[in-house]
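**Q** A single structure is presented below for examination.
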Amino acid sequence: MKIKFAFWDTSAIVPLCCFQPTSQTLRQLRRKYEVVAWWASSIEAQSALKRLVSQNVISQTAYSQSVQRLEIQKDTWREILPTEKVRKLAKDLIETNNLRTLDALQLASALVWCFEKPKGKIFICCDDKLSEVAKKIGFTVLPK
């Protein structure tokens, strides 16, 4: 069986670790696509999970379990490391698409992963603005 890879934005990784409205859909995608992620995605995801605790969306116990799931997930994915190429592409994306820093780094990492040829490559994301820019530059964005 051929392994399929997709680039996963942190907004799609967090629902794999704790229950959210999109969790079921993303877990189905996870069974279909292996994770390629930005080097700092696990840090960004842990921060998002901690924010859910402070907003009383999840309990401290759920947070601890979610961080454990995140670490298990992280051990299985491929990471795109912080390189000069990622930095340059991120700066370009900020200039041309007015993205926030972490979003630009995510999308730049996805571009490095696909050798800047996004056509036919899957970008899994639950952030509307980032999804819009990813589609604009040629990625197939899931979930739809």
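**Q** With respect to the cross-link table entries K91/K119; K4/K117; K50/K129; K32/K144, which display a Cα-Cα separation exceeding 18 Å?
**A** With Cα atoms farther than 18 Å apart: K91/K119; K50/K129.
**Q** Around L99, which amide H atoms from residues at least 5 apart in sequence, or from another chain, sit under 5 Å from its own amide H, with H modelled in the peptide plane?
**A** Sorted by chain and number, the residues that satisfy this are I94.
**Q** I've got another one for you. Could the peptides 46-56, 6-16 be put in order, highest first, of the mean number of other beta-carbon atoms found within 10 Å of their residues?
**A** Packing proxy ranking, top to bottom: 6-16, 46-56.
**Q** Return the long-range amide H neighbours of I124 (sequence gap of 5 or more, or a different chain), with a cut-off of under 5 Å between placed amide H atoms.
**A** F7, W8, D9, L142
**Q** Could you please state how large a percent of the accessible area of the stretch 1-133 is carbon and sulfur, counting protein chains only and using a 1.4 Å probe?
**A** Carbon and sulfur together cover 53 percent of it.
**Q** I've got another one for you. For the stretch 89-144, which chymotrypsin sites (Phe, Trp or Tyr not before Pro) are both in a DSSP coil and crowded by at most 14 other Cβ atoms within 10 Å?
**A** For chymotrypsin sites (Phe, Trp or Tyr not before Pro) across the stretch 89-144 that sit outside H, G, I, E and B with at most 14 neighbouring Cβ atoms in 10 Å, the list reads F115.
**Q** Could you do me a favour and compute the accessible area per residue for the chain, 1.4 Å probe, result in Å²?
**A** For the chain, the per-residue accessible area is 58 Å².
**Q** Follow-up question, since we're still on this one. Between the stretch 121-144 and the stretch 51-93, what's the alpha-carbon centroid distance in Å?
**A** For the stretch 121-144 versus the stretch 51-93, the Cα centre distance is 18 Å.
**Q** Give me the aspartates and glutamates in straight-line cross-link reach of K85: C-alpha distance below 20 Å, same-chain residues under 8 apart excluded.
**A** The reachable aspartates and glutamates, counting only those whose Cα sits under 20 Å from K85, are D9, E95, D103, E116.
The values are calculated or read from the model by the stated rules, or taken from the named source; none is laboratory data. The structure presented is a predicted model; accordingly, all values stated were derived computationally and were not measured. Every residue, glycine as well, gets a Cβ built from its backbone with ideal geometry; the counts of neighbours run over all protein chains shown. Side chains are part of the model used for accessible areas, which takes the heavy atoms of the whole protein and leaves out ligands, DNA and RNA. Shrake-Rupley method; radii C 1.70, N 1.55, O 1.52, S 1.80 Å.
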